[in-house]
Every structure is written in C-alpha cells, then in structure tokens.
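Trainee: Please see the structure below; I have some questions.
The values are calculated or read from the model by the stated rules, or taken from the named source; none is laboratory data. On a predicted model such as this, the values are computed, not experimentally measured, just so you know. We place every Cβ from the backbone using ideal geometry, glycine too, and count neighbours over all the protein chains shown.
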Amino acid sequence: MSEEVRTSIHGQWSNRMVFILAATGSAVGLGNIWKFPYIAGENGGGAFVIVYLICIAVIGVPIMMAEVMLGRRGRQSPINTMSALAAEEGRPASWALLGWLGVAAGFLILSYYSVIAGWALSYVFRTASGVFEGATADGVSSIFTNFISNPESLLAWHTIFMVATMIIVSRGVKNGIERAVSYLMPTLFVLLIILIFYSMSTGYFFEGLDFLFTPDFSKLTASSVLVAMGHAFFTLSLGMGAIMVYGSYLPKETSIAKSSMMIAVADTLVALLAGMVIFPIAFANNLEPGAGPGLIFQTLPIAFGQMEAGVLIGTLFFVLLVFAAWSSSISLIEPAVAWLVENKGISRVAASVWCGFATWLVGIGSVLSFNLWAKKTWSLSLFGETLFENKTFFDTLDGLTANIMLPMGGLFIAIFAGWLMKSESSKKELNTKEKGYNLWLLLVRVVAPIAVMVVFLNVIGVIK
Ligand code: TRP
C-alpha cells in the first residue's frame with residue numbers, strides 16, 4: 001500500500017479533539033453508569049475495583065493504543081484493515097478473522113445494549129411524569145419490576161433505540177454524533193457531580209466509599225477477576241474493532257498515546273463517580289449492592305424522588321444516559337457497516353438497515369430474558385470447569401462477549417501489534433518518544449498478553 005492512499009473512503013475526523021470526543025463518547029456509556037456499579041456490587045466491591053483499575057492501566061491503555069494504531073495504518077473497516085496489514089507485514093491472510101470476531105462481538109453486544117438503553121429511555125418519561133416524587137424504595141423497585149416483566153413495552157423501547165442508532169450510523173459518524181457528544185459528555189459529568197452532593201447528604205457516603213475502595217481480597221474469585229478484566233475491555237470499547245475503526249478516521253499527526261490516555265482517564269472517572277453516587281443511595285435505602293442489572297433503576301429514582309427539583313434533574317440525567325448509550329452504540333455497529341459499504345458496494349443507508357435489523361432481532365432474546373424466558377437458562381463449562389451457570393439469554397450474551405470475545409480479540413490485537421508487525425512500522429505510526437515506545441512495546445508484547453492468558457487459564461482451572 002503506498003502512503004498516498006492512506007485515508008479512509010468513509011471520511012476523516014476534523015481534528016484531534018473530535019476523535020477524542022468520539023472515542024470518549026464510545027467509551028463512556030451504559031458500561032460506566034449502569035454496568036460498572038452492578039458488577040462491582042455483585043463481585044464484592046473494593047478488591048474488584050482495584051483489579052479493574054489495574055486492568056485499565058496495564059491492559060486497556062496499551063491495547064487501545066494498538067487498536068488506534070492498526071486502524072490508522074489500515075484506514076479501512078477492521079476486517080479489511082487486518083487483511084491489508086497482514087499482507088503488508090507478510091503475515092497470513094487469516095488475520096482478517098480477527099476483524100470478523102469483532103464484527104460478531106459488536107452485533108451481540110449491541111443487541112442487549114439496546115435493550116438496556118431502551119430502559120433508560122423509558123425512564124426519561126417515567127421520571128418526567130413525576131411518579132417517583134416521594135416514592136419509597138419499595139415503590140421504586142416495584143415500578144421497575146412491573147416494567148421489565150412486560151415484554152411488549154421492553155420491545156417497543158428497544159425498537160426505538162435501535163432505530164435511533166441506525167439513523168445516526170446511516171448519516172455517517174461525522175455529521176451525526178460528532179457535534180452532539182461535545183456538549184453532552186461534559187453535561188453528564190456535571191450532573192454526576194450534583195448527584196454526588198445528594199449522595200453525601202444521605203449519611204451513607206462513607207459506607208459507599210468504603211464498599212467501593214476498601215479491598216477485601218477474600219471476596220475475589222477467579223471469575224470475578226475475569227469479570228473485572230472483561231469490563232476493562234468493555235468500558236474502553238476495546239477488543240472488537242470499534243476503536244480501530246475510529247482510528248481509521250484519525251488524521252496523521254495526532255498523538256495516539258496522549259489521546260488514549262485522556263480517553264481512559266475520562267472513562268474511569270465517570271465510572272467511579274457513578275459508583276460514588278449509587279452505593280450510598282443503595283445503603284441508605286437498604287438495597288442490595290448486588291441487586292444486578294436493575295441496580296441504577298432501583299436506586300437513582302429514590303434520590304430523584306427526594307431531591308429538590310428531582311423531576312428536572314432526574315429527567316435530565318436519564319436523557320444524558322441515553323445520549324451516552326447512543327454515542328456508544330454507533331461504535332458497536334460501525335465496523336460491520338463500514339465493511340458492507342467497502343465490500344458489497346451498497347450504500348451506508350442500506351448497510352445500516354440490514355445491520356440494525358439483524359441486531360434488533362437478536363435483541364428480542366434479551367427482551368424476553370427479563371420475563372417470558374426468565375427461567376430459561378444456559379450454562380457453559382470448559383475443560384470441566386464451569387464458566388457460567390444458569391444464566392439467562394441476556395446474561396449469557398453479556399458473559400460471552402465481554403468476558404471471552406473482547407479479551408480474546410484484545411489478545412490477538414496485542415500479539416499482532418507487538419510481535420507480528422515490524423517495530424519500524426509501529427514506531428513510525430505511534431510516533432512517540434523512545435522511552436514511551438519501549439514501555440508500550442513491553443506492555444503490549446508481554447504484560448497484556450500474559451495477563452489475559454493467566455486470567456483465562458485461571459478461570460478454566462488450568463492454573464489455581
Ligand atoms: N464502552 C461502552 C460502554 O461502556 C460500550 C461499547 C461501545 C463497547 N463500543 C464498544 C463495548 C465496543 C465493547 C466494544 O458503555
């Protein structure tokens with residue numbers, strides 16, 4: 001490939017700031033505000049949080065740099081980028097499979113992500129209607145339980161969210177989300193700070209902090225380490241080509257190292273803030289931190305029901321949550337859409353319709369997981385060790401994608417970028433100082449792959 005052809009046919013970000021915003025928009029989403037608190041709750045808090053933070057620093061950031069770098073060098077959808085780079089580096093063409101693994105993971109994640117985003121959307125209207133004003137913890141919980149037991153309404157909200165996502169994707173990322181995220185993300189941040197003041201007023205703020213930050217390593221099992229690692233990938237949007245495809249629209253001069261660090265810091269802050277809001281409210285109202293996927297929908301409305309101007313703040317909060325989910329969901333499907341446009345010669349609109357429809361269809365399984373299929377469960381064991389047991393369709397998809405497909409994708413990305421690509425190529429593309437480059441190379445060659453493999457082997461019982 002000659003140097004001249006290296007811009008993407010899908011366009012390019014206007015500048016470095018826009019890339020950071022888009023990638024932060026992808027990273028910050030339901031993962032931070034909905035998922036992080038409930039999995040931290042289910043896995044015992046502090047020790048889990050520490051493992052998660054370590055994974056962000058030593059696995060997440062270097063792999064993010066690798067993904068952006070591969071994307072910018074390949075300048076195409078992840079599948080075609082991987083085949084082009086494999087050819088360029090004299091590696092087998094089967095590296096394109098890594099792109100396919102990513103496309104599959106993106107479909108599966110978006111299918112259930114959209115269902116939860118639909119919950120958030122419905123909570124915009126529910127909060128605005130004032131039903132939560134003065135509601136008790138029990139009242140709030142029963143509103144939630146009634147809501148998720150109704151498949152028609154979950155399906156309707158899932159459908160609306162999917163359509164909204166595909167509209168943005170079909171218009172091209174640049175004209176859609178790029179502008180919106182620059183206002184929305186900072187506002188979301190401010191709202192979280194306001195909510196922190198409320199959670200300080202509950203009298204349980206320090207119990208919350210204690211739960212979130214005091215590690216009790218006896219609660220840490222092999223599977224909770226896997227969940228923490230999987231979540232580091234999930235929350236940074238890594239391992240499936242989303243960040244790679246965003247990297248393919250990145251102007252040449254931008255520093256990949258600095259941008260990646262900024263994205264990771266912003267993402268981590270939002271997750272920690274969300275935890276600092278949710279746990280004090282949960283403890284103040286005798287709610288279980290391990291309540292599962294309903295946690296934020298059972299805690300936050302209590303706060304909104306008691307606060308001054310709670311209807312307004314609550315409504316605004318769920319609006320922003322929906323936007324955060326929206327700017328994430330487009331990145332989940334962009335690799336597939338870009339590939340269809342590149343390889344099948346169809347328009348972006350047609351590609352979006354097909355991808356959206358397929359994702360929507362799979363999402364129905366997650367809709368039903370909370371009601372008609374609540375008792376229909378799956379288990380997975382590998383080499384005689386159970387990876388998960390009696391999980392609903394929704395939980396199974398989540399576990400399979402976040403804990404297995406993303407770390408696996410990340411592992412191969414690290415191996416390709418660290419070992420199979422000439423260091424001449426990666427050095428040129430990353431364009432950082434010698435020291436920074438060497439540190440990155442060490443992390444991506446040795447530390448990240450070993451960490452991922454150790455966690456995998458531990459879970460399947462090969463190492464105890
Ligand atoms: N990071 C997003 C969140 O935390 C979700 C997401 C967007 C994602 N794109 C992704 C997860 C790609 C994995 C891979 O909500």
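Trainee: Please verify whether the stretch 1-15 includes one or more residues that are at pLDDT below 95, closer than 30 Å to GLY365 by Cβ, more than 16 Å from the ligand (Cβ to nearest atom) and not β-branched (Val, Ile, Thr).
Mentor: No.
Trainee: If ALA104 meets every condition in (1) surrounded by fewer than 18 Cβ atoms within 10 Å (Cβ to Cβ); (2) closer than 25 Å to ILE281 by Cβ; (3) within 15 Å of the ligand (Cβ to nearest atom) apart from one, which number is that one?
Mentor: Just one mismatch for ALA104, condition (2).
Trainee: Which residue pairs have Cβ atoms closer than 7 Å, lie 6 or more positions apart in sequence or on different chains, and pair a first residue in the stretch 425-440 that is free of Cβ contacts under 8 Å to residues at least 12 places away in the same chain with a second residue that is assigned to a helix (DSSP H, G or I) and hydroxyl-bearing (Ser, Thr, Tyr)?
Mentor: Hits for this filter: LYS427/TYR437.
Trainee: Moving on. Tell me which residues, restricted to the stretch 296-329, are within 16 Å of the ligand (Cβ to nearest atom), among the aliphatic types (A, V, I, L, M) and in contact with a Gly (Cβ under 6 Å, 6 or more places away or on another chain).
Mentor: Once the filter is applied, which keeps residues that are within 16 Å of the ligand (Cβ to nearest atom), among the aliphatic types (A, V, I, L, M) and in contact with a Gly (Cβ under 6 Å, 6 or more places away or on another chain), the stretch 296-329 yields ALA324, ALA325.
Trainee: Further question on the same structure: For the stretch 151-201, what are the residues that are part of a loop (DSSP other than H, G, I, E, B) and surrounded by 14 or more Cβ atoms within 10 Å (Cβ to Cβ)?
Mentor: Once the filter is applied, which keeps residues that are part of a loop (DSSP other than H, G, I, E, B) and surrounded by 14 or more Cβ atoms within 10 Å (Cβ to Cβ), the stretch 151-201 yields ARG171, GLY172, VAL173, LYS174, GLY176.
Trainee: Go through (1) out of contact with any Lys or Arg (no Cβ under 9 Å at 6 or more places or on another chain); (2) touching a residue at least 24 places away in the same chain (Cβ under 8 Å) and name the single condition ALA309 misses.
Mentor: Failing condition for ALA309: (2).
Trainee: For residues that are in a loop (DSSP other than H, G, I, E, B) and either buried (at least 20 other Cβ atoms within 10 Å of the Cβ) or in contact with a helix residue (DSSP H, G or I) (Cβ under 6 Å, 6 or more places away or on another chain) (or both), tally how many sit in the stretch 449-464.
Mentor: 1
Trainee: Does VAL115 count as part of a helix (DSSP H, G or I), touching a residue at least 60 places away in the same chain (Cβ under 8 Å), loosely packed, with under 15 Cβ neighbours inside 10 Å and out of contact with any Lys or Arg (no Cβ under 7 Å at 6 or more places or on another chain)?
Mentor: Judged against the criteria, VAL115 is not a match.
Trainee: If a residue has to be within 16 Å of the ligand (Cβ to nearest atom) and not hydrophobic (A, V, I, L, M, F, W, C) to count, how many in the stretch 33-50 make the cut?
Mentor: 3
Trainee: Let me ask you something else. Quick check: anything in the stretch 338-348 within 25 Å of MET185 (Cα to Cα), within 15 Å of the ligand (Cβ to nearest atom), among the small types (Gly, Ala, Ser) and modelled with pLDDT under 95?
Mentor: no
Trainee: Which residue pairs have Cβ atoms closer than 9 Å, lie 6 or more positions apart in sequence or on different chains, and pair a first residue in the stretch 347-367 that is among the hydrophobic types (A, V, I, L, M, F, W, C) with a second residue that is exposed (fewer than 15 other Cβ atoms within 10 Å of the Cβ) and part of a helix (DSSP H, G or I)?
Mentor: Note: pairs meeting the criteria are ALA350/LYS344; ALA351/LYS344; TRP360/VAL163.
Trainee: Has the stretch 97-105 got any residue that is modelled with pLDDT of 95 or more and within 21 Å of VAL322 (Cα to Cα)?
Mentor: no
Trainee: Name every residue in the stretch 196-254 that is among the β-branched types (Val, Ile, Thr) and under 15 Å from LEU273 (Cα atoms), in order of residue number.
Mentor: ILE196, THR235
Trainee: Here's something else I'd like to know. So the check is Cβ under 9 Å with 6+ separation or different chains; which pairs have a first residue in the stretch 230-243 that's more than 21 Å from LEU97 (Cβ to Cβ) and part of a loop (DSSP other than H, G, I, E, B) and a second one that's near the ligand (Cβ under 6 Å from one of its atoms) and among the hydroxyl-bearing types (Ser, Thr, Tyr)?
Mentor: Pairs that qualify, where the first residue is more than 21 Å from LEU97 (Cβ to Cβ) and part of a loop (DSSP other than H, G, I, E, B) and the partner is near the ligand (Cβ under 6 Å from one of its atoms) and among the hydroxyl-bearing types (Ser, Thr, Tyr), are LEU236/SER26.
Trainee: Then there's this: Given the criteria in a helix (DSSP H, G or I), more than 14 Å from the ligand (Cβ to nearest atom) and closer than 24 Å to LEU411 by Cβ, does ALA23 qualify?
Mentor: Answer is no for this residue.
Trainee: Moving on. Within the stretch 431-448, can you find the residues that are part of a helix (DSSP H, G or I) and either on the phi > 0 side of the Ramachandran plot or crowded, with 21+ Cβ neighbours inside 10 Å (or both)?
Mentor: Once the filter is applied, which keeps residues that are part of a helix (DSSP H, G or I) and either on the phi > 0 side of the Ramachandran plot or crowded, with 21+ Cβ neighbours inside 10 Å (or both), the stretch 431-448 yields TRP440, LEU443, VAL444, ALA448.
Trainee: Here's another thing I want to ask about it. Which of the residues that make up the stretch 65-86 are more than 19 Å from the chain's Cα centre (by Cα), closer than 19 Å to TYR246 by Cα and assigned to a helix (DSSP H, G or I)?
Mentor: Scanning the stretch 65-86 gives MET69, LEU70, ARG72, ARG73, GLY74, ILE79, ASN80, THR81, MET82, SER83, ALA84, LEU85.
Trainee: State yes or no: is VAL319 surrounded by fewer than 22 Cβ atoms within 10 Å (Cβ to Cβ) and either modelled with pLDDT of 95 or more or in a helix (DSSP H, G or I) (or both)?
Mentor: Criteria met by VAL319.
Trainee: If you don't mind, another one. Yes or no: ALA242 within 18 Å of the chain's Cα centre (by Cα) and closer than 17 Å to SER328 by Cβ?
Mentor: yes
Trainee: Restricting attention to the stretch 391-428, report how many residues are buried (at least 20 other Cβ atoms within 10 Å of the Cβ) and over 23 Å from the mean Cα position of the chain (by Cα).
Mentor: Going through the stretch 391-428 one residue at a time, the tally reaches 3.
Trainee: In this structure, is THR377 more than 15 Å from the ligand (Cβ to nearest atom), more than 26 Å from GLU42 (Cβ to Cβ) and among the β-branched types (Val, Ile, Thr)?
Mentor: Spelling it out, it is not the case that THR377 is more than 15 Å from the ligand (Cβ to nearest atom), more than 26 Å from GLU42 (Cβ to Cβ) and among the β-branched types (Val, Ile, Thr).
Trainee: Another question, then. Would you confirm whether any residue within the stretch 87-96 is in a helix (DSSP H, G or I) and under 25 Å from SER366 (Cβ atoms)?
Mentor: No, the stretch 87-96 has no match at all.
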